[in-house]
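The next block holds one structure in the form of structure tokens; read it before the comments.
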Amino acid sequence: MEFSFELLWEILPQLLRATVVTLEATFCGFFIALVVGLVMVTFMRARARGVRIAARLVMEFLRATPLLVQVYFLFFVLPEFGISLSPFLTGVIALGCHYGAYAAEAYRAGLEAVPKGQWEAAVSLNYGRLATYRHIVLPQALPPIVPSLGNIAIAMLKDTPILAAVTVTELMFVANEIGSERFQYTEPVTAAALIYLVLSLAAAPLINLIDRRLRPQETRA
Amino acid sequence: MHIVWEYRQLLVEGVRITLLITALSAVLAIFMAFASGLARDARSPLLRVPAIIYIELFRGTSLLAQMFWLFFVLPSFGVNMPALACGVLAIGLCNGAYGSEIVRGALRAVPRGQREAAIALNYSRAQTFRIILLPQAARIMAPLFGSLVIEILKGSSLVSLITLADLTFQAKNIILVHLNTTTVLSVVLVIYFLIALFISGGARRIERALSRGVDGAGR
Amino acid sequence: MMPMVKFENVTKRFGATVVLDRFDFEAARGEKVVLIGPSGSGKSTLLRVLMTLERVEDGMVMIDGEALWYVRDGQDVEPVTQAHLHHMRAKVGMVFQHFNLFPHMTALENVASAPRHVLGKSKAEAEALAEVLLRKVGLGDKLSSYPARLSGGQQQRVAIARAMAMEPKVMLFDEVTSALDPELVGEVLEVMRALSVERDLTMLIVTHQMGVARALADRVCFFEKGVIVEQGPPEQVIDDPIHPRTQGFLRAVRLT
């Protein structure tokens, strides 16, 4: 079996258009994940024990069950309640909720990494709760969270093919479609895999750059 | 709920396939994690370079893309593997590449003084690894490998897209016939969650068994 | 008589910093040498070079009449093989500032492990030896304790027993009492004093504590910037130093 560069050239525009969908799904999903994670971590740090446990359970559940089944769940179950969303929106919400749980964990780890003495110092200086977060805790908690969020974004990029299962026309879906139309899987699937490789290899230095930018002066190497 | 009871045999069969694929993939992943994690830090570039290529390749491309590649593309090169082999190979190799970081990180977390003490006592390098480093690193690895196996469990659901009749596949079959999708999918999600709890519980027990003495509790 | 340890024209650098500068040193068989001096003066490096934890850039280091490192202009004159390192390490034992006990082994296992796996003794033999040694350092009742359950002083005594179990000809002590609470220094010092009775055992001891130096030393060497500035018996170097740098250092140490 030969690898046909002509065929590759022919299908490349289709694949690149699908790559745009993949990137859109990643960005939208990531944005949702950031918000969902924030909501979750707020509940996980709530005063009431019941709320904390419930939030923890939801987070563990979202992280421990397959994204594919979660996508099916939203895709098939929401319409039963009269909510019908496009496959893209359904997929992106599922992606955002699944990785929102990972984001919540990243936020939590960052917040807990701030030494207890910092909170105590804030109390001793009579900072309010909000002021403590804003001026003392978050500036210290955020920098270590950034690389974790970067890894989450890359992981999301590589999980977008799962959305193909509900007919989102992202990269893997299109590659597979081309394959089944032409009975020729080699070029589209290989090209799709390579596009993921290029995207995630490109993402790593980008995240490093953002990380370095956000890092406060005193901890820069 | 009666739908679930009606189709219990399909679900049980699906769980069986899911567990089989998870277990086989986990064995492959942990083996690859050690092989590539150790080779990654080897002195010889003959070991290091292939390890880097493997790790970057499998971490950089998507698991589903890898699975599709093995399933759809490899036959056109004359290699015909059963779907089960494609699934296990893709999940095992992909997660093995992630696992290499667990092995490297855990070994690096062993304090440098331990290696120096081993040199002072004249252990060979292989002995240092086996007697001094590995037992201490294993304690750090256990919960992380637990998380990796849960990722493998989740990844195993993708085999339903290459015709294997795992739990996800069966769930989809049932909801194609029946319209009560909420119940079926909820039950399936809960089953996955319970399996994941079982895995993390196992990992915690292993971690505790390995922590004897180390944390001062003398357990 | 042939010296047990010999440094000849040895240079050791860390990047741009010269830690040992064309350094010469000898210790006779059975001699107990205490090395003092400000931190970064090269005294710990001397021990670490002997334990093969560091290489040298230039010069020759000999132990018991055999070259450990023999380097000219950055090139090994005598190639250093794993087999050679293994052979040379058998002559040397080391005790570390932070003990470096194996946390996953009991005190007994810590001492018995290397005799078993490196010297090839049977398990029973190695454990019997370990028990004898642990009793000698006063830890006969702690055989099955894990390091995390032992005090710093007890851990350091296990570490000494562990090193002695390999029957070295040279024992290196790298600030072994520096990480201990003051009230625990005595018990470790006591064990070292007991060891110093062994006439054939060469001991090289790096310390900041003049009490340790007085108790153990045949000879005290004052280091500065990779060279020995002054040396002699403890009563001379510690109590009546000649060199102004030694005087300054000792004044500073007494203040703390």
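The values are calculated or read from the model by the stated rules, or taken from the named source; none is laboratory data. The shown structure was predicted, so the numbers you read here are calculated from the model rather than taken from an experiment. Neighbour counts run over all protein chains shown; Cβ positions are idealised from the backbone, glycine included.
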Considering residues of the range B:144-196 that are among the polar types (S, T, N, Q) and farther than 21 Å from B:Leu64 by Cα only, the residue modelled with the highest pLDDT:
B:Ser186
Specify the residue that is farthest from the chain's Cα centre (by Cα); the eligible residues are those in the range A:163-190 that are assigned to a helix (DSSP H, G or I), surrounded by fewer than 20 Cβ atoms within 10 Å (Cβ to Cβ) and more than 10 Å from chain B (Cβ to nearest Cβ).
A:Arg182
For A:Ile53, state whether it is touching a Leu at 6+ places or on another chain (Cβ under 8 Å) and within 30 Å of A:Tyr133 (Cα to Cα).
no
What pairs can you find where one residue is in the range B:6-33 and within 29 Å of B:Ala138 (Cα to Cα), the other is surrounded by fewer than 16 Cβ atoms within 10 Å (Cβ to Cβ) and hydroxyl-bearing (Ser, Thr, Tyr), and their Cβ atoms are less than 9 Å apart, with a gap of 6+ or different chains?
none
Residues to consider are B:Ile140, B:Ile152; find the one that is buried (at least 22 other Cβ atoms within 10 Å of the Cβ) and either touching a residue at least 12 places away in the same chain (Cβ under 8 Å) or within 17 Å of the chain's Cα centre (by Cα) (or both).
B:Ile152
Could we say that A:Val39 is among the aliphatic types (A, V, I, L, M) and either under 28 Å from A:Thr186 (Cβ atoms) or surrounded by fewer than 20 Cβ atoms within 10 Å (Cβ to Cβ) (or both) here?
yes
Among residues belonging to the range C:90-113 that are more than 8 Å from chain B (Cβ to nearest Cβ) and among the small types (Gly, Ala, Ser), point out the one that is nearest to C:Met166 (Cα to Cα).
C:Ala112
Residue by residue through the range C:79-89, note down the ones that are surrounded by fewer than 20 Cβ atoms within 10 Å (Cβ to Cβ) and either of a type in the set (Phe, Trp, Tyr) or within 9 Å of chain B (Cβ to nearest Cβ) (or both).
C:Gln82, C:Leu85, C:His86
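Here's the yes/no breakdown for (1) more than 14 Å from chain C (Cβ to nearest Cβ); (2) more than 30 Å from C:Glu109 (Cα to Cα):
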| site | (1), (2) |
| --- | --- |
| B:Ala138 | no, no |
| B:Pro143 | yes, no |
| B:Asp166 | yes, yes |
| B:Lys172 | yes, yes |
| B:Thr181 | yes, yes |
| B:Ile191 | yes, yes |
| B:Arg208 | no, no |
Counted residues in the range C:115-146 being touching a helix residue (DSSP H, G or I) at 6+ places or on another chain (Cβ under 8 Å), without any contact (Cβ under 8 Å) to a residue 12 or more places away in the chain and more than 22 Å from B:Ile119 (Cβ to Cβ) come to 4
The range B:15-61, subset polar (S, T, N, Q) and touching a Ser or Thr at 6+ places or on another chain (Cβ under 6 Å), residue farthest from the other protein chains (Cβ to nearest Cβ)
B:Ser36
Identify all residues within the range A:79-116 that are outside any helix (DSSP H, G or I) and either among the aromatic types (Phe, Trp, Tyr) or free of Cβ contacts under 8 Å to residues at least 24 places away in the same chain (or both); write none if there are none.
A:Phe81, A:Gly82, A:Ile83, A:Ser84, A:Leu85, A:Ser86, A:Pro115
Does C:Leu184 count as surrounded by fewer than 19 Cβ atoms within 10 Å (Cβ to Cβ) and under 14 Å from C:Val137 (Cβ atoms)?
yes
Give the residue, chosen from B:Ala33, B:Ala23, B:Ala85, B:Ala42, that is under 30 Å from B:Arg125 (Cα atoms) and under 16 Å from the mean Cα position of the chain (by Cα).
B:Ala33
Filter the range C:143-177 down to the residues that are more than 12 Å from chain B (Cβ to nearest Cβ), under 18 Å from the mean Cα position of the chain (by Cα) and part of a loop (DSSP other than H, G, I, E, B), then identify the one that is nearest to C:Ala128 (Cα to Cα).
C:Lys169
If a residue must be more than 18 Å from A:Ala155 (Cβ to Cβ) and surrounded by fewer than 16 Cβ atoms within 10 Å (Cβ to Cβ), how many such residues does the range A:79-118 contain?
15
Looking at (1) surrounded by 20 or more Cβ atoms within 10 Å (Cβ to Cβ); (2) in contact (Cβ under 8 Å) with a residue 60 or more places away in the chain; (3) under 24 Å from B:Leu161 (Cβ atoms), which one does A:Leu8 not meet, given that it meets all the others?
(1)
Matching residues, the range B:149-185, being farther than 16 Å from A:Leu67 by Cβ and part of a helix (DSSP H, G or I)
B:Val149, B:Ile162, B:Gln170, B:Asn173, B:Ile174, B:Ile175, B:Leu176, B:Val177, B:Thr181, B:Thr182, B:Thr183, B:Val184
State whether the residues of the range C:206-222 include one that is in a helix (DSSP H, G or I) and at pLDDT 90 or above.
yes
Filter the range B:1-40 down to the residues that are at pLDDT below 95 and loosely packed, with under 15 Cβ neighbours inside 10 Å, then identify the one that is nearest to A:Pro66 (Cα to Cα).
B:Val12
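For every residue, the table says whether it meets (1) over 23 Å from the mean Cα position of the chain (by Cα); (2) of a type in the set (Lys, Arg); (3) closer than 30 Å to A:Leu197 by Cβ.
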residue	(1), (2), (3)
A:Tyr107	no, no, yes
A:Leu111	no, no, no
A:Val114	yes, no, no
A:Trp119	yes, no, no
A:Ile136	yes, no, no
A:Ala141	no, no, no
A:Gly150	no, no, yes
A:Ala155	no, no, yes
A:Thr160	no, no, yes
B:Met81, sole failed condition from (1) more than 7 Å from every other protein chain (Cβ to nearest Cβ); (2) surrounded by 15 or more Cβ atoms within 10 Å (Cβ to Cβ)
(2)
